[in-house]
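Input: a single structure, listed below in structure tokens.
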Amino acid sequence: MRSHPRTLLGAALIACLMLAGQAQAAPKTSFRIAWSIYVGWMPFPYAAESGILKKWADKYGIQIEMVEVNDYVESINQYTAGAFDGVAVTNMDCLTIPSAGGVDTTAIVLGDYSNGNDAVILKRTNETDHPKLQDIAKRTVNLVQLSVSQYLLARALDTVHLTERDVKLVNTSDADIVAAFGTKDVGAVVTWNPQVGEVLKNPLAEKVFDSSQVPGEIIDMLAVKTDAIKDNPKLAMALAGAWYEVMTMMTAHDAAGQAAREQMAKDSGTDLAGFDKQLVTTHLFADPADAAAFADGPSLPKTMDLVRHFSFDHGLLGQGAPSADVVGIAFPDGRVLGDKGNVKLRFDDEFMKLAAAHKL
């Protein structure tokens, strides 16, 4: 029995439409992740250089490219603009740039929190002078403005009953901060490692406050576009798998661990001793169970409440934002700070828990 030509045409058209729909629905399999130099993020380039990242990407049938962006803020801007699927970023900068800009972003790995890596440093008038934090009043302070450095400065000033109105802020990129401190016009800087270590080599440098005094508030994490992992969760699984394999390797007290840290040190422009010194002031969540517990713990919502109010007070949540509630922040237990209808920053413990259970 022969089919009617129209029936054949209709069947062919339906088949074509189905194939087109399947093609459109096929998940993305090639991804780009941006990183910049910081002790807590050096496992990313090491994972790529060592082949560990490729091994995990191959396991899940995807491709992941790690891309260094020399300027940290620029890496976040490029992620926000769509050049990258993920970025190594701090909790505050993730809220104020991509999330406030409307990019729905999920933190899939909480890598560490700064426990002394970020610091306020004053310049002595001479080598025997030892200024205190309150001596920052009336000084010019160079920092990456509207970043975690300014957040740290605000938290520091509050401890000595000063405000940002008591200093003059000068926006300075992280790449230029060390050179700036060496000039006669700069009386103070706020920055992060490895720049902190370089600034402190100056005989006139005096550290007067650091992030160990506000533990758990400056969080270094891997954030990806929420749609990207909804479309293809294998991206998050491969990234988490590679991350925790590197964590196990670099924290081992053996030759392989030392070799891994030596490569990370080289990639960040220092030596092993310098890199290990930075690790001392980094609360590294090497165990995924610890990272998941931190994500689930009571301190994270409290920290993000501080961060979002600081961000609103400094105009970082968007022009005309009516309150700190404008951007919703979701936590693993379902709690949301801010607008539940506009959740743009999510903390997800799923992939850290899978790593802890050896189910990746």
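If I filter the range 315-333 for residues that are farther than 13 Å from residue 96 by Cα and part of a strand (DSSP E or B), do I get at least one hit? Let's see the steps before the verdict.
Restricting attention to the range 315-333, the residues satisfying the condition of being farther than 13 Å from residue 96 by Cα are 320, 322-323, 330-333.
Then keep just the ones that are part of a strand (DSSP E or B); that gives 330.
Scanning the range 315-333 turns up at least one residue that is farther than 13 Å from residue 96 by Cα and part of a strand (DSSP E or B).
Given the residues 224, 170, which is the only one that is under 30 Å from residue 102 (Cβ atoms) and either part of a loop (DSSP other than H, G, I, E, B) or free of Cβ contacts under 8 Å to residues at least 60 places away in the same chain (or both)?
Details: 224 fails: either part of a loop (DSSP other than H, G, I, E, B) or free of Cβ contacts under 8 Å to residues at least 60 places away in the same chain (or both).
Within the list 224, 170, the selection yields 170.
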Odd one out for residue 257 among (1) open to solvent by 10 Å² or more (accessible area, probe 1.4 Å); (2) free of Cβ contacts under 8 Å to residues at least 40 places away in the same chain; (3) more than 26 Å from residue 330 (Cα to Cα): (1)
Test: residue in the range 190-200 that is open to solvent by 20 Å² or more (accessible area, probe 1.4 Å), in a helix (DSSP H, G or I), more than 22 Å from residue 89 (Cα to Cα) and of a type in the set (Gly, Ala, Ser): no
Total residues in the range 193-214, condition within 20 Å of residue 40 (Cα to Cα), of a type in the set (Asp, Glu) and more than 20 Å from the chain's Cα centre (by Cα): 1
Subset of the range 215-234 (residues that are over 17 Å from the mean Cα position of the chain (by Cα) and either over 22 Å from residue 45 (Cα atoms) or aromatic (Phe, Trp, Tyr) (or both)): 227, 230, 231, 232
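Suppose the filter is in contact with a Phe, Trp or Tyr (Cβ under 8 Å, 6 or more places away or on another chain), in contact (Cβ under 8 Å) with a residue 12 or more places away in the chain, surrounded by fewer than 19 Cβ atoms within 10 Å (Cβ to Cβ) and closer than 27 Å to residue 36 by Cα; does residue 263 pass it?
So residue 263 fits the description; yes.
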Selection count, the range 143-171, where residues are open to solvent by 10 Å² or more (accessible area, probe 1.4 Å), under 23 Å from residue 219 (Cβ atoms) and β-branched (Val, Ile, Thr): 2
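Search the range 300-358 for residues being at positive phi and open to solvent by 40 Å² or more (accessible area, probe 1.4 Å), and hand back the single one that is farthest from the chain's Cα centre (by Cα).
Step one: filter the range 300-358 for residues at positive phi, giving 315, 318, 320, 334, 338, 358.
Now narrow it down to the ones that are open to solvent by 40 Å² or more (accessible area, probe 1.4 Å): 315, 320, 334, 358.
Values: 315: 21, 320: 26, 334: 22, 358: 24 Å.
Among them, the one singled out is 320.
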One residue from 174, 185 being crowded, with 21+ Cβ neighbours inside 10 Å, touching a Ser or Thr at 6+ places or on another chain (Cβ under 8 Å) and either on the phi > 0 side of the Ramachandran plot or among the charged types (D, E, K, R) (or both): 174
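The values are calculated or read from the model by the stated rules, or taken from the named source; none is laboratory data. Bear in mind that the values here come from a model prediction, so they are computed numbers and not experimental data. Positions of Cβ are generated from backbone atoms using ideal geometry, with glycine treated the same way; all protein chains shown enter the neighbour counts. Heavy atoms of the whole protein, side chains included, go into the accessibility calculation; ligands, DNA and RNA do not. Shrake-Rupley method; radii C 1.70, N 1.55, O 1.52, S 1.80 Å.
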